[in-house]
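Comments concern the structure below.
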């Protein structure tokens, strides 16, 4: 419950910042660009995490960074699910030539190192125009992560659909004359939905880390603070004894990742029937 509370707190902060930006509220983290003290002021009762080189509040920047990382991870997760789940279901149900093509595609994608693939997509997509919309740092980041991260869920859904397609309820649907599309999306998908939920919760952490890496390398959001950009800016400050910006951003990533990992493991234990059967056998 504690981990769920921490995760919900992060999401509430990200949601509040996003809503405040849409409604143009100049409150809290949205005022991260204001000068609140002298340059490199250490943590104090007035500024809990101190200030940066421009006298801006590190606490406000850290809270605002939650909005960037969570937005990118959420959009990338939904994009990877939208690509991987239908492809995996189609490959597992139809088999044959369709299955061979899809397996060849995701085998080819997975053969390229994951980080290099994300970096390549981020570089290619950055500052490009799609449907008349310029791809900014945050948009290019979640597109790069989402378009390269669907392989795992595709492989997982494919294997599960292969196991389910010869079961009695699917054979009964076929005998009743149900269309293939109805069988896949009306009968098969609800029975593998728990895997999608578990994979979403566990993969979300990896997507947050990917966004931090992209921002650290200068391929993420450039106009607004993000955790990766804060860590990158703080590298040169450590030699001067200015540690608080590095500590704040690192702690934010660590706490969120730890809470999400523990929550994801608990969710997997409760939703995965295989783990439930194993526990019964052990007991």
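Structure summary
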quantity	calculated
Condition check for residue 94: farther than 22 Å from residue 245 by Cβ and out of contact with any strand residue (DSSP E or B) (no Cβ under 7 Å at 6 or more places or on another chain)	yes
Failed item in (1) modelled with pLDDT of 80 or more; (2) outside any helix (DSSP H, G or I), with residue 127 passing the rest	(1)
Filter result for residue 206 (surrounded by 21 or more Cβ atoms within 10 Å (Cβ to Cβ) and either touching a residue at least 24 places away in the same chain (Cβ under 8 Å) or in contact with a helix residue (DSSP H, G or I) (Cβ under 7 Å, 6 or more places away or on another chain) (or both))	no
Selection count, region 135-164, where residues are in contact with a helix residue (DSSP H, G or I) (Cβ under 7 Å, 6 or more places away or on another chain) and assigned to a loop (DSSP other than H, G, I, E, B)	3
Residues of region 82-104 classified as buried (at least 21 other Cβ atoms within 10 Å of the Cβ) and under 15 Å from the mean Cα position of the chain (by Cα), total	1
Odd one out for residue 224 among (1) in contact with a helix residue (DSSP H, G or I) (Cβ under 6 Å, 6 or more places away or on another chain); (2) over 30 Å from residue 95 (Cα atoms); (3) surrounded by 16 or more Cβ atoms within 10 Å (Cβ to Cβ)	(1)
Some residue of region 179-195 being in a loop (DSSP other than H, G, I, E, B) and in contact (Cβ under 8 Å) with a residue 60 or more places away in the chain	no
Number of positions in region 209-221 that are in contact (Cβ under 8 Å) with a residue 60 or more places away in the chain, surrounded by fewer than 24 Cβ atoms within 10 Å (Cβ to Cβ) and closer than 17 Å to residue 149 by Cβ	2
Residue list for region 235-250, restricted to those being without any contact (Cβ under 8 Å) to a residue 40 or more places away in the chain and assigned to a helix (DSSP H, G or I)	235, 238, 239, 246, 250
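The values are calculated or read from the model by the stated rules, or taken from the named source; none is laboratory data. Everything quoted here is computed from the prediction, not taken from an experiment. So basically every Cβ, Gly included, is an ideal-geometry build from the backbone, and we count neighbours across all protein chains shown.
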